[in-house]
Amino acid sequence: MNLTLKIWRQKNNKEKGKMVTYKVQDISDDMSFLEMMDVLNEELLKKGEEPVAFDHDCREGICGMCSMYINGHPHGPERTTTCQLHMRSFKDGDTITIEPWRAKGFPVVKDLVVDRSAFDRIIQAGGFVSVNTGVSVDANEIPIAKDVASEAMDAATCIGCGACVAACKNASAMLFVSAKISHLGLLPQGKTEKNRRVQRMIAQMDAEEFGACTNTGACAAECPKSISLVNIARMNREYFAAKVASEA
Amino acid sequence: MNWVVKTLTSTLGRKLIMALTGAFLSLFLVVHLIGNLQLLKDDGGMAFNIYADFMGHNPLIQTVSILNFTFIILHIITSVILTRLNNKARPVSYAYDGKSSAWSSRNMGILGTVILIFLVVHLSNFWGKSKLTTFEAGSYVPYVTYGEATMQNLYDVVAISFQEWWLVALYVVSMIGLAFHLSHGFISMFQTLGLNHSKYNFVIKIVGYEFAILVPAMFAAIPVFMFLNLQGGLLYLFAGIGVLALVVGAMVSNGHKQQLAV
Ligand code: FES
């Protein structure tokens, strides 16, 4: 199929960017979205033009590096990552608008690449379990109920891609932060630090200037890993409880 | 900064203020509505006037009303601060924005402004007139005597006001705005307070939508009934509201089932 692409081009963080229109021909249905971008970039290289910069790594939907805002939705029309989006979701003659994630906390580095190190700093603020790793314990030594384990696992499927921030009208990072807080705080190893964790991570989230949640639910609707709003409610509970009652 | 201020000025803390003030204001709506329904009693306004006189003079009610105004202002100020911060969080907007949330959830500010404009008109029309009226001057509100007691005849003021079609229309439109505001706000309040649980979500949803639709519908019905001179229409109102409640309930539970099926 033949497509028209409108892509955000921006040299670097300093310069202003703009939308540029390109055409690609003979795109196969079976290509992934990123392969289609590769085809475009090869053509640009042949013409001696600068290829479009975009993030990607595993191309298997597990690393969370790919990040394109396609036709008004993070990762495009399907509920998956950009690398797992296939061209069969589009039809011949379509115009596709591709933009970077838009958020104060995610400054554009170049073209479609944004700096998501704000997420790393939020994790560094408390998204970990501090244990002295001595001898490894036997498997199943710490009993964890199946439903608790499942809930923690559901939250742990968050790949930190930032689609929630991109989708939210307030560029709020609460779905991401709440997923991390839930996945660590639900398990016995992480529970001991939960009061400190929730307060520090939220303080860092605010410091990175992500917006506040207004419960529109756009994040959960767009999340490629189907992280649920239940996590945000849990984070709110833990935060208020920690603020009111904890020593730390 | 002490921990209370720090908590309440965090993004989560500001949401908490929105939720708690919203909860109080929702409660106020119910009390206000129950009082107002007496306007539809066919007694020449006696029940309503006695009720209004009580509300205007009871010290406890007066204290609560100060609280009410404070919370309205707090709700507005916090929302303005939050909106500004949220706009700053996305300095460059999307060229193509797909929108994956409900319209009312994204436009609470617009809906809130409709309600605020309504409040100004509504308060200056009735509350302001009543407060500015003194026994001697008697300029805004006439007086009426029931047995021993003499009081302002606010019923008359209301009844005359609601002979104007445009004022009735303004009330109806504002109540539609309120319904959409509540359709997001009421349920959203539970989420902010951390009350999101698969066992109770259905109840929250049903109560939320019933509240958001029935309360404004009853408020809107009062000026409409009075405009059409349907005094003593309480029975019809309740019958209509009952039917509406069933329809809303059926729609919400149907939607809920479909959501679970996905
Ligand atoms: S490239 Fe790894 S998730 Fe898409």
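In region B:160-167, is there at least one residue being within 17 Å of residue B:23 (Cα to Cα) and in a helix (DSSP H, G or I)? Break it down stepwise before answering.
Restricting attention to region B:160-167, the residues satisfying the condition of being within 17 Å of residue B:23 (Cα to Cα) are none.
No, every residue in region B:160-167 fails to be within 17 Å of residue B:23 (Cα to Cα) and in a helix (DSSP H, G or I).
I'm checking my understanding of the structure. Among residues of region A:70-86 that are within 12 Å of another protein chain (Cβ to nearest Cβ) and closer than 23 Å to residue A:26 by Cα, which one is farthest from the ligand (Cβ to nearest atom)? Full working, then the answer.
Here is the first cut: in region A:70-86, the residues within 12 Å of another protein chain (Cβ to nearest Cβ) are A:70-77, A:79.
Restricting the remaining residues to those that are closer than 23 Å to residue A:26 by Cα gives A:70-71, A:75-77.
Numbers: A:70: 13, A:71: 18, A:75: 8, A:76: 12, A:77: 16 Å.
Among them, the one singled out is A:71.
Give me a count of the residues in region A:12-48 that are among the charged types (D, E, K, R) and surrounded by 13 or more Cβ atoms within 10 Å (Cβ to Cβ). Steps first, answer last, please.
Residues of region A:12-48 that are among the charged types (D, E, K, R), as a first pass: A:14-16, A:18, A:23, A:26, A:29-30, A:35, A:38, A:42-43, A:46-47.
Applying the additional criterion that residues be surrounded by 13 or more Cβ atoms within 10 Å (Cβ to Cβ) yields A:35, A:38, A:43.
Adding up the residues that qualify gives 3.
In region A:196-214, what count of residues is obtained for those that are surrounded by fewer than 22 Cβ atoms within 10 Å (Cβ to Cβ) and facing chain B (nearest Cβ under 9 Å)?
Taking region A:196-214 and keeping what is surrounded by fewer than 22 Cβ atoms within 10 Å (Cβ to Cβ), we get A:196, A:200, A:203-204, A:206-209.
Restricting the remaining residues to those that are facing chain B (nearest Cβ under 9 Å) gives A:203, A:206, A:209.
Count: 3.
Would region A:55-74 turn up any residue that is over 21 Å from residue A:225 (Cα atoms) and in contact (Cβ under 8 Å) with a residue 60 or more places away in the chain? Walk me through how you get there before you give the answer.
Here is the first cut: in region A:55-74, the residues over 21 Å from residue A:225 (Cα atoms) are none.
No, that holds for no residue.
For region B:189-223, give me each residue that is in contact (Cβ under 8 Å) with a residue 60 or more places away in the chain and more than 18 Å from the chain's Cα centre (by Cα).
Result: B:192, B:193.
Yes/no per residue for (1) within 14 Å of another protein chain (Cβ to nearest Cβ); (2) away from the ligand (no atom under 13 Å from the Cβ); (3) in a helix (DSSP H, G or I); (4) crowded, with 24+ Cβ neighbours inside 10 Å:
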residue: A:61; (1), (2), (3), (4): no, no, no, no
residue: A:65; (1), (2), (3), (4): no, no, no, no
residue: A:88; (1), (2), (3), (4): no, yes, yes, no
residue: A:91; (1), (2), (3), (4): no, yes, no, no
residue: A:120; (1), (2), (3), (4): no, yes, yes, no
residue: A:123; (1), (2), (3), (4): no, yes, yes, no
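Show me the helices (runs of 4 or more DSSP H) found entirely inside region B:6-125 where at least 2 residues are without any contact (Cβ under 8 Å) to a residue 60 or more places away in the chain and under 19 Å from the mean Cα position of the chain (by Cα).
Numbers: elements: B:11-36, B:46-57, B:59-88, B:103-106, B:108-122.
Those helices (runs of 4 or more DSSP H) span B:11-36, B:59-88, B:108-122.
Here's the yes/no breakdown for (1) in contact with a Cys (Cβ under 7 Å, 6 or more places away or on another chain); (2) within 14 Å of the ligand (Cβ to nearest atom); (3) part of a strand (DSSP E or B); (4) of a type outside the set (D, E, K, R):
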residue: A:4; (1), (2), (3), (4): no, no, yes, yes
residue: A:7; (1), (2), (3), (4): no, no, yes, yes
residue: A:19; (1), (2), (3), (4): no, no, yes, yes
residue: A:26; (1), (2), (3), (4): no, no, no, no
residue: A:35; (1), (2), (3), (4): no, yes, no, no
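Across region A:93-106, which residue is nearest to the ligand (Cβ to nearest atom) among those that are over 13 Å from the mean Cα position of the chain (by Cα) and hydrophobic (A, V, I, L, M, F, W, C)?
So the residue we want is A:98.
Considering only residues of region A:215-234 that are within 7 Å of another protein chain (Cβ to nearest Cβ) and outside any helix (DSSP H, G or I), which is farthest from the ligand (Cβ to nearest atom)?
Among those that are within 7 Å of another protein chain (Cβ to nearest Cβ) and outside any helix (DSSP H, G or I), it is A:215.
Taking the stated definitions as given, is residue A:217 within 16 Å of residue A:102 (Cα to Cα), among the small types (Gly, Ala, Ser) and assigned by TED's automatic domain parsing to the domain that holds residue A:127? Break it down stepwise before answering.
Numbers: within 16 Å of residue A:102 (Cα to Cα): no; among the small types (Gly, Ala, Ser): yes; assigned by TED's automatic domain parsing to the domain that holds residue A:127: yes.
Here the answer is no, as residue A:217 does not meet what is asked.
Just give me the residues in region A:31-64 being among the charged types (D, E, K, R) and under 11 Å from residue A:84 (Cα atoms), in sequence order. Even if it seems obvious, please write down each step before you answer.
Residues of region A:31-64 among the charged types (D, E, K, R): A:35, A:38, A:42-43, A:46-47, A:49-50, A:55, A:57, A:59-60.
Correct list: A:35, A:59, A:60.
The values are calculated or read from the model by the stated rules, or taken from the named source; none is laboratory data. These figures come from a predicted structure and were not determined experimentally. Note that we place each Cβ from the backbone using ideal geometry, even for glycine, and neighbour counts take in every protein chain shown.
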